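The values are calculated or read from the model by the stated rules, or taken from the named source; none is laboratory data. Note that the coordinates shown come from a computational prediction; the quantities given were computed from them, not determined experimentally. Every residue, glycine as well, gets a Cβ built from its backbone with ideal geometry; the counts of neighbours run over all protein chains shown.
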Amino acid sequence: MSVSTAKAPSSDGEFEVIDTKKLSSGMRNRKKSQAELLVEGTIDGAAKLVPEDYKPYVEMLKPAVEPVFNIIHMLIPYVFMIGSLLKDLWEKAQPYHVSINIYRYTKILQT
């Protein structure tokens with residue numbers, strides 16, 4: 001069994017070998033969050049409450065919880081980056097904001 005590797009540039013311009021198998025296993029070794037444990041517990045509780053005919057379908061949802069939370073875990077940094085970008089854009093747009101300009105111009109006209 002071969003391990004797939006890739007070469008990526010490092011900070012000194014040289015190429016370093018990256019073990020992609022090691023990188024991809026990082027999410028599997030992630031500690032489960034409280035929300036994830038809560039959802040899994042809720043699914044277990046729901047499996048006990050539903051009729052026996054529906055119990056296998058409810059239990060089939062449990063393996064889908066981990067990939068969903070992995071995706072959410074991977075998207076969190078991007079959500080913060082988008083929020084930071086929107087904040088920067090908002091601050092850059094403030095000189096062009098209508099209410100600020102009206103106040104500024106009416107103040108000039110009154111003097």
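Residues in the stretch 51-89 that are touching a residue at least 12 places away in the same chain (Cβ under 8 Å) and either acidic (Asp, Glu) or closer than 16 Å to residue 41 by Cα (or both): 58, 59, 61, 62, 65, 66, 69. Taking the stretch 25-48, which residues are loosely packed, with under 10 Cβ neighbours inside 10 Å and modelled with pLDDT of 75 or more? Result: 31, 34, 48.
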